[in-house]
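The values are calculated or read from the model by the stated rules, or taken from the named source; none is laboratory data. Remember, predicted model here, so these are calculated numbers, not experimental data. Heads up, the Cβs are rebuilt from the backbone with ideal geometry, glycines too, and the neighbour counts pull from every protein chain shown. Just so you know, the surface numbers come from the protein's heavy atoms only, side chains and all, with ligands and any DNA or RNA stripped out. Shrake-Rupley method; radii C 1.70, N 1.55, O 1.52, S 1.80 Å.
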Amino acid sequence: MPSNAFRQHLLVLLEDADDLLDVHRQRRTGRPGRQWGLGALNRAVVVLCVSAWEAYVEEVIREAITALRPAPGTPLGTWAALHASARSSIGRFNNPNVENVRMLLSDAVGLPDITVFWSWRNCTVVHARELLAEALRFRHQIAHGINPRPIIHSQYASWLPTFFRRLGSRTDAGIRDFLVNTLGIAHPWPL
């Protein structure tokens, strides 16, 4: 079962990108070639997808930390310090690139390298890392006003929400696998 972070944050936030893509399709002329005046929509899709990814990562870590909390009536031990440290790290998290996501999960939950779970059909771990780095590079250029504006092709913008859904799904699976099989938490995601 996917985490609440995946279902209620990533999927929901990516709907905004899907809405922009629908507007893009409606505004197309139907003629082949570059469609003038639609580039801003493609750039906005990149920004929305990366922000959805960032929100998901923050929320899934909160969820994982909550799953680590000892059962009621059991001494909290070091959980309170772990919880405070993780929340502090999340507060400083503002660039959801490969290394920052890997480090945040490692520091907060103890999962050494989430990126080893980032593979699926026709996408290796290395390629998934490269694709995330590319999306972050585009987001950085867009958000920081690089001029001339980066050209984001409609095919890339149309594909990007699917990439982040897959990346989130694999991240969810990796965290769940670690919590269940390494730490012995039977049901890490609340229903």
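Checking each residue in the range 48-87 for being surrounded by 17 or more Cβ atoms within 10 Å (Cβ to Cβ), farther than 30 Å from Tyr156 by Cα, free of Cβ contacts under 8 Å to residues at least 60 places away in the same chain and touching a helix residue (DSSP H, G or I) at 6+ places or on another chain (Cβ under 6 Å) picks out Ile65, His83, Ala86.
So is Arg129 assigned to a helix (DSSP H, G or I), touching a residue at least 24 places away in the same chain (Cβ under 8 Å) and open to solvent by 50 Å² or more (accessible area, probe 1.4 Å) or not? Considered against the rule, which asks whether it is assigned to a helix (DSSP H, G or I), touching a residue at least 24 places away in the same chain (Cβ under 8 Å) and open to solvent by 50 Å² or more (accessible area, probe 1.4 Å), Arg129 comes out as yes. Among the residues of this structure, Asn95 counts as one that is free of Cβ contacts under 8 Å to residues at least 60 places away in the same chain, in contact with a Leu (Cβ under 8 Å, 6 or more places away or on another chain), under 20 Å from Val57 (Cα atoms) and surrounded by fewer than 19 Cβ atoms within 10 Å (Cβ to Cβ). Within the range 111-124, being surrounded by 15 or more Cβ atoms within 10 Å (Cβ to Cβ), of a type in the set (A, V, I, L, M) and assigned to a helix (DSSP H, G or I) holds for one residue alone: Ile114. The sole residue among Ile146, Ile90, Ile152 that is part of a loop (DSSP other than H, G, I, E, B) and open to solvent by less than 50 Å² (accessible area, probe 1.4 Å) is Ile152.
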